[in-house]
Amino acid sequence: MAGAAGMLLMPKLGLTMTEGEVSQWLCAAGARFAKGDTLVVIETDKIAHEVEAPASGVIDEILAPEGQTVAVSLPLARWTLDGVSPSGNAGEDGEAPAPAAPQSPAPAFLPPPEPRVVATPLARRTAAAAGIDLARVTGSGPKGRIKAADVERFASDSPATVSPAPAPQAPASEPVRGVPDPALPGQAPTGHLAAIPQLHAIAEVEISKLLEMQARMQSVRGLEALELVSLLVLAVVRSIEAHPASNRIWTPEGAVAIPRIDIGLLSGAGHGDAILRDLGGRGLGAVSAAIAALPDRESWGPSGQADPSAITLQHALGSAADILHMPVVAGQAAILSFGGEHSLFRPDDEGLPALRHELRVGLSADARLFDVALADLFLASITRFLEDPLVLLAT
Amino acid sequence: MAEPRVRDALNRALADAMAADERVVLLGEDIAGFGGSFGVTKGLLDRFGPERVRDTPISEAIIAGAAVGAAMSGLRPVVEIMFMDFVTLAMDAIVNQAAKAHFMFGGQCSVPMVVRLPHGGGISAGPQHSQCLEAWFAHIPGLKVVCPATVGDSYSLMRAAIDDPDPVIFIENKALYALKGDMPDPPAAVAIGEAAVARGGRDVTIVTYGACLGHALDAAKALASAGIELEVIDLRSILPWDEAAVLRSLQRTHRLIVYHEAVEAFGPGAEIAARMADIGFDELDAPILRVGSPFAPAAFSKEIDSAFFPSSARLIEAVRRILA
Amino acid sequence: MRKQKAESGPDTAQLPRWLDFHRSMHIIRQVESRLATLFADGEIPGFIHLSIGQEASAVGVCAALELADTIASTHRGHGHAVAKGMALDRFFLEILGKDEGACRGRSGSMHIADMGVGMLGANGIVGGGLPLAIGSALAHKLKGNGAVAVACFGDGAMAEGILHEALNIASLWKLPVLFVCDNNGWSEFSATKDVISLDLPQLARAFGIASRHLRGDDVVAVAEAAGQLVDAIRGDGAPRLIELHTRRIRGHFEGDAQRYRHDDAADREDPLVNHESRLLRAGVTPERLAEIAEAARGEVEAALQIARAGRAACAVGALDAVYAQRGAARYG
Ligand SMILES: Cc1ncc(C[n+]2csc(CCOP(=O)(O)OP(=O)(O)O)c2C)c(N)n1
Ligand SMILES: [Mg+2]
């Protein structure tokens, strides 16, 4: 199997890392290595990290000798990996030796990048849907730009090479994967903000049905003043019930489950917070009444009450504001931040532009309590309840 | 009755609005006795009297400013500024007072006024009597900006503008005043913010307004014989503009040209192109093009004036480029 | 009673009105003084222009007005708002940027307005209120409601072309406008005499507008002159002008160190002191005056406390307020 020559680059081992020192080479120039072998030890002021081989291969030349400090993404060695496509650092199965470094402008001595395929947005979309590799399509537009018609012609000329693309995921309701902050691996719990490892995730929620439902309910006696925020709180309560692991806080003894469902409300204007107590099992009427019974925002207590809630909610409904990223502090598990509603066009099932009403929800969580999977599930649950309010009310 | 012209439609709309609502008053230089520099207000003095059809001094700032105060105190003033170029002298009233009042005063009042502004060149009127300055106003939150291109729309949009609770910049194209066309009976209701598909076609979307509509339709006719079908959208309203209609068309044609007489750089087309590149990105099968006036003042000389005008020939050239 | 008459010979029938002036000027003085400290304490952001020293002008002019009359003010407009009848809590809620403020916290000091009492707004643009008053007067005239519109401007605005356009059209169209010039000698940081070459009495005459020019530190004189002018306007519908020579006791805005200020309209007195001596001469006891001033202070303080407890203005919903038509144009 023909190998591919490439570069072993200085990995980025933490958010704040800009450079690392080559502490020790465990594989000499010219030597062969197997997948998983430790090749080199990198030290930063925080940690020592062993760089493993992503695949078998051979070190052709060591470019950064021991003791040398090298900036992130610059080469440490030239290597040839067995059976790997020429570009990149990654091994056969795509697992990288370190989190992929952002490719800053390529230094001149790196192999030149592949020529960019020039194609229109529509051509790209058409090709992706039909599973066509654009590199094989000849463009008839200016300077060889590939147009949609070129892709269609290619498809009808060579039907055998086309495979259907995997079903596209609904973009709006798919939570973006959470990104735990690798710079802060589980330290001793303290009250200090920086000491809490944070995890952030975002989802887009389509709320047309929710808005319709709200408008309809406002015509019901007793619910005239129903605010959107009541529905948001209800969706969060139902989601906590569905994922009880979300309702825990971190103490010096570790994670502790909270026996009842309290939701903190953070006032947008920074006046502090208020807590809605014991919402488990309660319906919309009760939630709405609890919110209506809150005192004016300005008299809300300062944040950090004696008996804080695990989950806190804040919103910017009715404003242009996007979600605010609030770091969680000690005693909190997560903050859900809802942005203002906005309208935009997205393709409908037939690919036709349809006006949608969306809002964005951000989850900031204590990464010791929420892993990426829980964050995804929790956000997906909130999204589902808000997008289908009948389910929310029926649950 | 002879086929009405744009000027007649505007006149009739003003008259009908004044007959229907006594709060409607007209202010402007030489609009009463003389009937307006372009004859739009002819006959209204006789019909409605000098209290409601008021000749003003040559004082653009006070005309527009008084209209704001009058609107805040319960009238529905319609102001004529003789040439759009002169609106520079009335900007404080429009931008700092009218556009802000509803927001700034917490919704205590609105400013239901209309400012009529004749724009456009091509008549050797020179650098200070030819400009298309609509982008200035479309940049101001709180204003609405419309620019009809047909007889019917001139009537309907004028009625809509006078009925509107917000300040409306009503742009009339000087070259269109004499244009003849259909006047539906009864007149159609046109909402501000609604575009019209002036001609359907599958190949390229042309978004345009004002005098360029006619040139776009000419280009469409010429290209049709070559088998190229333009879809021509008459925007009619520049703020708010009909994003949905443009996107729907783009979704069919996948190619967009924005075509207007205003200077191309930083013109209304820039916003439309940017917005479509955002929300319509995946529909595009070619870069979005703009065709507008070059970055220069209008000139007196017939040669320069017509060379600068974004003619249908320039639009056709852009169509060829976008289809390449 | 007999003693009063013997000493200064005032018209005792005027006394309740004079006491009312005393009270109103104290309210405005107290409002402005409290705003000065709130500003210094950082409770009010932005900039505020106080009318301390010019109270007699606002109170005297507004004493001639009815609720249906309208007034378009300047950046130094607190006195006009209060004297025209704006409720103090509504006023403070706005100046403190609260959601329940008259303008929902969007105008603050410099654009404060209360349409319910005919206060068409302070104005951030020098001369900006003039055309608004002209338009309002046109509306009054066409409706035939007998109301008057007041066009306030400072001496600095004499240099703005809009004043000349406004005087011309008001005279030409015989609009029921009272032009009020608060001439405090200052155009921001320049003495007005250094930047203006015109003479206001001559200017008014040039446009055929009858005018009065008097000291603005005597509230009784101001009220009398304004009253006569407003009556005349209501009588024949034609505009009038009143120029009041006042003293800007504080800086242009709060925080102004006034290093440029060497000379001043030094002969202008504090209108409050002026008026108090008149009342004392008329036999009102010092205790009674102090009592009224104290009550004014209490009223202001109570309103301020209400305002402080208000809800902060909120960006939530603000985008929907750009147009009177709901959902007219909302980008993004
Ligand atoms: C059109 C305009 N130009 C300049 C300013 C800045 N400015 C604010 S107040 C002021 C001085 C106005 O003087 P005057 O009209 O006499 O009012 P005063 O401050 O003395 O009450 C100036 C120049 C402004 N707000 N608007
Ligand atoms: Mg001054």
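None of the figures in this text is laboratory data; all of them are computed from the coordinates on show. No experiment lies behind these values; they were computed from the predicted model shown. Note: ideal-geometry Cβ built from the backbone for every residue, glycine included; neighbour counts use all protein chains shown.
Below 8 Å, C-alpha to C-alpha, sequence gap of six or more: please give me the relative contact order for the range B:6-176 in percent.
24
Provide Rg over Rh for chain B; use the alpha carbon set for both Rg and the Kirkwood Rh (inverse mean inverse pair distance).
Ratio of gyration radius to Kirkwood radius for chain B: 0.97.
Per residue of C:120-128, what is the mean number of Cβ atoms on other protein chains within 10 angstrom of that residue's Cβ?
Average per residue, whole number: 4.
Normalising by the residue count of chain B, find the relative contact order in percent from Cα pairs under 8 Å and 6+ residues apart.
The normalised contact order for chain B reaches 16 percent.
Over the Cα atoms of the range B:196-323, what is the Rg over Rh ratio if Rh follows Kirkwood?
Answer for the range B:196-323: 0.95.
Hey, in the GNM for chain C with a 10 angstrom Cα cutoff, which one of C:A238, C:A295, C:A102 fluctuates hardest?
C:A295
Could the peptides B:191-204, A:249-262 be put in order, highest first, of the mean number of other beta-carbon atoms found within 10 Å of their residues?
The densest-packed peptide leads the list: B:191-204, A:249-262.
Using θ = phi - 60° and the Karplus curve 6.51 cos²θ - 1.76 cosθ + 1.60, what whole-Hz ³J(HN,Hα) does each residue of the range A:146-156 get, with Gly and Pro shown as x?
The phi angles translate into 7, 10, 4, 5, 5, 5, 5, 4, 4, 5, 6 Hz.
Just report the Cα centroid separation between the range A:16-53 and the range C:191-217, whole Å.
Computed from Cα coordinates, the inter-centre distance equals 85 Å.
What's the center-to-center distance, using Cα atoms, between the range B:45-109 and the range A:327-350 in Å?
Between the Cα centre of the range B:45-109 and that of the range A:327-350, the gap is 44 Å.
Between B:L289, B:L239, B:L213, where does the largest GNM mean-square fluctuation fall for chain B, given springs only between Cα atoms within less than 10 Å?
Ranking B:L289, B:L239, B:L213 by mean-square fluctuation puts B:L289 first.
Which net charge results for the neighbourhood of B:G267, defined as the other residues with beta-carbon distances under 14 angstrom from its beta-carbon, given Lys and Arg at +1 and Asp and Glu at -1?
-2
What are the radius of gyration and Dmax of the protein assembly as shown, computed over its Cα atoms and given in Å?
35.8, 124
So for B:K174, B:K302, fewest C-beta neighbours within 10 Å to most, what's the order?
Sorted ascending by nearby Cβ count, the order is B:K302, B:K174.
Can you list the lysines whose alpha carbon sits under 28 Å from that of C:K84, skipping same-chain ones fewer than 8 residues off?
B:K100, C:K98, C:K141, C:K143, C:K174
Mind checking the mean number of beta-carbon atoms from other chains within 10 Å of the Cβ atoms in B:181-192?
Taking the mean over all residues of the peptide, I get 0.
When a footprinting reagent is the concern and you count Cβ atoms within 10 Å, what order do C:C152, A:C27 take, fewest first?
By the 10 Å Cβ count, ascending: A:C27, C:C152.
Using only the Cα atoms of chain C, construct the convex hull and provide its projected area averaged over every direction, in square nanometres to one decimal.
Approximately 19.0 nm², given one-decimal rounding.
Using only the Cα atoms of the range B:17-102, each taken as one equal point scatterer with no solvent, compute I(q) by the Debye sum, divide by I(0), and report log10 of the ratio at q = 0.17, 0.18 Å⁻¹.
-0.67, -0.74
As a check on your grasp of the helix formula, calculate [θ] at 222 nm for chain C: sum -39500 (n - 2.57) over DSSP H runs of n ≥ 4, divide by the residue count, round to the nearest 500.
Rounded to the nearest 500, the figure is -13500 deg cm²/dmol.
In which sequence would C:M115, C:M158 go, from the one with the fewest C-beta neighbours within 10 Å to the one with the most?
Ranking C:M115, C:M158 by Cβ neighbours within 10 Å, fewest first, gives C:M115, C:M158.
Once you treat every alpha carbon in the range B:6-176 as an equal point and sum by Debye, what is log10 I(q)/I(0) at q = 0.19 Å⁻¹?
Per q value, in the given order, log10 I(q)/I(0) is -1.27.
Pairs of Cα atoms under 8 Å, at least six residues apart: use those to get the relative contact order of the range A:1-81, whole percent.
So the answer I get is 41 percent.
Using only Cα atoms, what is the ratio of the radius of gyration of the range C:1-149 to 2.2 N^0.38 Å?
Working it through for the range C:1-149, the quotient is 1.17.
Just to be sure I understand: of the beta bridges DSSP finds with both ends in the range B:196-323, what percent are antiparallel, rounded to 5?
The answer is about 20 percent antiparallel.
What percent antiparallel are the DSSP beta bridges of the protein assembly as shown, to the nearest 5?
50
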